[in-house]
């Protein structure tokens, strides 16, 4: 945790601590503040700072926020919040698994907090989930602090691998029904940038998909103004590799923006897209979500 100056009510890290940007948003009045874009910041009140730390790859913090419950922050960017993380993770997982006729084997690139695996494992057809994250310390942190994913981490169908996702996919011989990209945005020079390139999709992801396989990735902000950051670029890159490309989005309150995902396949996913009751029978409904909850007026 870098030194925080509260003069003028704004936190600042100076000198050698300037790199600890994950905590530069904390203010004396207990607010978290994050820059969305130049001249625009998003802030909300905190009850407390539950944990802060630094791994080999990134800074990490767990906050107790007043509007969104516990929130995971990595490298100064909000990753998920207790109240609405289901929107992100359900949107990432369920459309692909419900469109696939019989999803049994799944590969997750990233997903260290365990929420993506949790949603996948709710599907009764799933036999094996490989979750590959490069940062073991973040995974162990999430195992300890995010109790909502405790069952997912202990599920015998989950294989946890600590490695670079590209290297892991290249080294494996098996293919998968669904591959999911739950990675940080492709900021040039960032650790995940090379996992969003045309060559990666064409020569690493595509060959690891089964004939009816589906690839889906988070694609960053997708709002009226923010979609030009990475969403449109990812969409246009995937269009060069896959025949069928489906972008979609949903509003996530804690992100203060609309978020985007992109689902792709070499076969027409709409050939299996009639969401009959049989699809939902394959989904563990022990915990209601936006795909299975009844609508009560």
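Quick note: the coordinates plus some simple rules give every number you see, no bench work behind them. Just so you know, these numbers come straight off a predicted model, no measurement behind them. Every residue, glycine as well, gets a Cβ built from its backbone with ideal geometry; the counts of neighbours run over all protein chains shown.
Structure values in brief
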| quantity | calculated |
| --- | --- |
| Euclidean distance of C-alpha centroids, segment 72-125 and segment 178-253, integer Å | 15 |
| Cβ-based exposure ranking for 82, 140, in which fewest neighbours within 10 Å come first | 140, 82 |
| Per-selection Rg to Rh, segment 139-206 - Cα, Kirkwood hydrodynamic radius | 1.01 |
| Rounded FRET efficiency, nearest 0.05, which uses the C-beta distance separating residue 150 from residue 232 and R0 of 45 Å | 0.75 |
| Extension reserve of the residue 162-residue 198 stretch, reckoned as 0.36 nm per residue once the Cα distance is removed | 10.5 nm |
| Spherically averaged projected area in nm², based on the convex hull that wraps the Cα atoms of segment 93-154 | 4.0 |
| Residue 37 versus residue 54: modelled label distance in nm, points set 7 Å from Cα along the beta carbon direction | 3.2 |
| Distance between modelled label sites at residue 225 and residue 77, nm, 7 Å Cα→Cβ extension | 1.9 |
| Two-site FRET efficiency, residue 136 against residue 172, from Cβ-Cβ distance with R₀ of 22 Å, rounded to 0.05 | 0.70 |
| Theoretical gain in end-to-end length, residue 258 to residue 64 [0.36 nm per residue, Cα-Cα removed] | 67.5 nm |
| Whole-number D in µm²/s for segment 85-281 (Stokes-Einstein; Kirkwood sum over Cα pairs; 10 °C, 1.306 mPa s) | 94 |
